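This report concerns only the one structure given below.
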Amino acid sequence: MQQNGKIGVTTENIFPIIKKFLYSDHEIFLRELVSNAVDATQKLKTYASLGEFKGELGELSVTVKIDKDNGTLTISDKGIGMTSEEIDKYINQIAFSSANEFLDKYKKDANSIIGHFGLGFYSSFMVSKKVEIVTKSFKEGTDAVKWSCDGSPEYTIETVEKADRGTDIILYIDDENKNFLEKGEIDKLLKKYCRFLPVPIVFGKKTEWKDGKSVETDEDNVINDTNPLWTLKPADLKDEDYKKFYQDLYPFSDEPMFWIHLNVDYPFKLTGILYFPQIKSNVDMNRNKIQLYSNQVFVTDSVEGIVPEFLTLMHGVLDSPDIPLNVSRSYLQSDQNVKKISNHITKKVADRLEEIFKNDRTQYEEKWNSLKLFIEYGMLTDDKFYDRAQKFCLLKNVNSKAFTFEEYKTLILSNQTDKDGNIIYLYANNKDEQYSYIRTAEDKGYDVILFDGQLDVHMAGMLEQKFEKSRFVRVDADTIDNLIPKEDSKEVTLTDRQKEELKEAFISQIPTIDKTEFIVDYKALDEKAQPIQITQNEFMRRMKEMSAMQTGMGFYGEMPNSYNLVLNVEHPLIKNIMREVDGKEKEAVDAYAAENSNIRQLIDLALLSNGMLKGEALNDFVKRNMENI
Ligand code: ADP
């Protein structure tokens, strides 16, 4: 038999389009062809199990071979093969009818539809000047056939001799793609795309070191693991298996903290294992670690759009034939299956975290530092996750005690509610720098949260919105009585003139600190309270912190750090200074202040307890105090 034909396609231009638009990465032709070979093999196994194929299955591996002399790359399988009718149906007609459809639609939105067309086999033309299919069907009494096409719509098909059942796809690699004839290149691609395919993929022979050089052995070089861990039953697996698989995927990584084995059949198919890595710092926030597979064929390692943003911090594999391949990210996000999958994963992750929290709180608290960033990230970006995670998100105080939101509220409710009924959450972001403020708060019986993580400023902002009648205030944002005002504060009864004089006395003695300004404030506190304190307004400070983290808030970022110098006008020392400067002109106040060692001493002590006394000013302070001993 010898038949010449013209493929049923109205346009002559399909091949240039395939070359140009079909896939951005040429290399994926190999994935497509090897997966076809695997599919054909799997189908044969199915027929055998159904009794529709009664012959010998034999050894069923797929072989990839390079022939440099002839410039060919051949993918061979021992699967179902094709009869000449089937070639006509599956290769000549089906593919091209969808190509027609493709051409119709591609004008509008090429990316969004590419993945919907079974053009897998035709991707071979991206790298070949000619492609041959030599195939023999498993069906008894059929002839082997050879189909050949040089990238024009014309093909030939003829009967040939072929001993074994199955298909050889022979690619005559074109001049621009000679790299696909290199052993190293094909080896790399097979390991990338075919590492977990369910049928053994053989590429050459295993090598070993002999007499100082690598020599080929007789043993087939199988490049894949046909039963990767995620395809096995969780009940049959031990922790060690999961840990080992993690090491296989990410050699030299720290042990994962824990993992989730996903296994859904309905309404979509999804299997996989997701690992929580140990996160030590933001340097570790390594994205693109989750690998996406479709029936064990590697698709991509960039899962944005499929997995919620915060979950891209996780590692592992996802396998779902229901995720459309080769489509644009924007298309993916609107795909209903992808949405369902994404929600399912979020739910499973929340379930797992809650389970560990409930079953082993000690372990959970130990791992909190690694989990924190991840959970906070999720809560900040995903409302559904917030709702779940509010049960197991922890607040740690400066003494390293951890509380759930509920527990913490119970802890502080009675003592940290202000006169207007607001619950005040006090926090510190640096235990050492804010030490004296923390102590003052603790002396009052208050509890102080440690918020020293990257996302904690954002968390404070969000929790304020979510919690009812609650505010988050940093311990150094105000004097202790004003942090949680319990009763209306005593009024300050100074005249404007008195305020002016007092301000001059202190401002004239404050050392200059780069990008820092002080605003004098007056408070009628208890006479035993501290005479002078430095505080920083919560709102202004948060604005500056936010602007440091993101662009577009430059205005706040440019502003100097503004601190309040709070004078306790009820304190005897301050009262005394007030009397001394009463009625004096500016110059006279300055002269008095320069001579009065108390003023400078009070300022320095306040700066010191705020970690702001540095350099020359600190040196002066030490010297002055040494002299007084
Ligand atoms: P898809 O695999 O998405 O259906 P392809 O263009 O890759 O699209 O293949 C078209 C059809 O050709 C397949 O559905 C299959 O019936 C047939 N085919 C391709 N490769 C082989 C093979 N190695 N053995 C048997 N049949 C094959």
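The values are calculated or read from the model by the stated rules, or taken from the named source; none is laboratory data. All values derive from a computational prediction rather than experimental measurement. Here the Cβ is made from the backbone with ideal geometry for all residues, glycine too, and neighbour counts use every protein chain on show.
Residue count for segment 407-439 under the criterion of being touching a residue at least 12 places away in the same chain (Cβ under 8 Å), under 30 Å from the mean Cα position of the chain (by Cα) and farther than 19 Å from PRO485 by Cα: the result is 4. Residue count for segment 127-162 satisfying the condition of being at pLDDT 95 or above and of a type in the set (S, T, N, Q): 4.
Every condition in (1) surrounded by fewer than 18 Cβ atoms within 10 Å (Cβ to Cβ); (2) within 16 Å of the ligand (Cβ to nearest atom) holds for TYR155 except the one numbered (1). Being assigned to a helix (DSSP H, G or I) and touching a residue at least 12 places away in the same chain (Cβ under 8 Å) is the filter; apply it to segment 606-617 and report the residue that is surrounded by the fewest Cβ atoms within 10 Å (Cβ to Cβ). The extreme case among them is GLU616.
Considering segment 73-93, the residues that are out of contact with any helix residue (DSSP H, G or I) (no Cβ under 9 Å at 6 or more places or on another chain) and loosely packed, with under 15 Cβ neighbours inside 10 Å include one that is modelled with the highest pLDDT, namely GLU85. Inside segment 163-193, residues that are within 16 Å of the ligand (Cβ to nearest atom) and at pLDDT below 95 make up a count of 2. Selection within segment 129-150: residues that are assigned to a loop (DSSP other than H, G, I, E, B) and surrounded by fewer than 21 Cβ atoms within 10 Å (Cβ to Cβ). The member of this set that is farthest from the chain's Cα centre (by Cα) is GLY141. Looking at segment 191-210, can you tell me whether even one residue there is under 30 Å from SER302 (Cβ atoms) and surrounded by fewer than 15 Cβ atoms within 10 Å (Cβ to Cβ)? Checked against the condition, which is being under 30 Å from SER302 (Cβ atoms) and surrounded by fewer than 15 Cβ atoms within 10 Å (Cβ to Cβ), segment 191-210 yields at least one hit. Where strands (runs of 3 or more DSSP E) sit wholly within segment 313-424, those with at least 1 residues that are among the polar types (S, T, N, Q) and over 30 Å from PHE268 (Cα atoms) occupy 402-404. Of everything listed in (1) touching an Asp or Glu at 6+ places or on another chain (Cβ under 8 Å); (2) modelled with pLDDT under 90, the single unmet condition for GLU32 is (1).
Being of a type in the set (Phe, Trp, Tyr) and in contact with a Gly (Cβ under 9 Å, 6 or more places away or on another chain) is a description that does not apply to TYR427. Taking the criterion of being part of a strand (DSSP E or B) and not assigned by TED's automatic domain parsing to the domain that holds PHE180, would at least one residue in segment 245-258 satisfy it? Yes, there is a match, as at least one residue in segment 245-258 is part of a strand (DSSP E or B) and not assigned by TED's automatic domain parsing to the domain that holds PHE180.
Annotation: TYR246 fulfils all but one of (1) crowded, with 19+ Cβ neighbours inside 10 Å; (2) at pLDDT 90 or above; (3) in contact with a helix residue (DSSP H, G or I) (Cβ under 8 Å, 6 or more places away or on another chain); the unmet one is (3). Residues that are touching a Lys or Arg at 6+ places or on another chain (Cβ under 8 Å) and free of Cβ contacts under 8 Å to residues at least 24 places away in the same chain within segment 565-603 comprise just one, GLN601. It is to be established whether one or more residues within segment 173-183 are surrounded by 14 or more Cβ atoms within 10 Å (Cβ to Cβ), under 22 Å from VAL64 (Cβ atoms) and among the aliphatic types (A, V, I, L, M). Looking for residues that are surrounded by 14 or more Cβ atoms within 10 Å (Cβ to Cβ), under 22 Å from VAL64 (Cβ atoms) and among the aliphatic types (A, V, I, L, M), one finds at least one in segment 173-183, hence yes. Taking the conditions exactly as written (of a type in the set (A, V, I, L, M, F, W, C) and touching a helix residue (DSSP H, G or I) at 6+ places or on another chain (Cβ under 8 Å)), does ALA593 satisfy them or not? Here the answer is yes, as ALA593 does meet what is asked.
Cβ separations smaller than 7 Å between residues 6+ apart or across chains give the following pairs from segment 34-54 residues that are in contact (Cβ under 8 Å) with a residue 24 or more places away in the chain and closer than 30 Å to SER124 by Cα to residues that are within 12 Å of the ligand (Cβ to nearest atom) and acidic (Asp, Glu): ALA37/ASP77; ALA40/ASP77; THR41/ASP77. Can you name every residue in segment 118-152 that is near the ligand (Cβ under 10 Å from one of its atoms), touching a Phe, Trp or Tyr at 6+ places or on another chain (Cβ under 7 Å) and under 13 Å from SER84 (Cα atoms)? Within segment 118-152, ILE133, PHE138 qualify.
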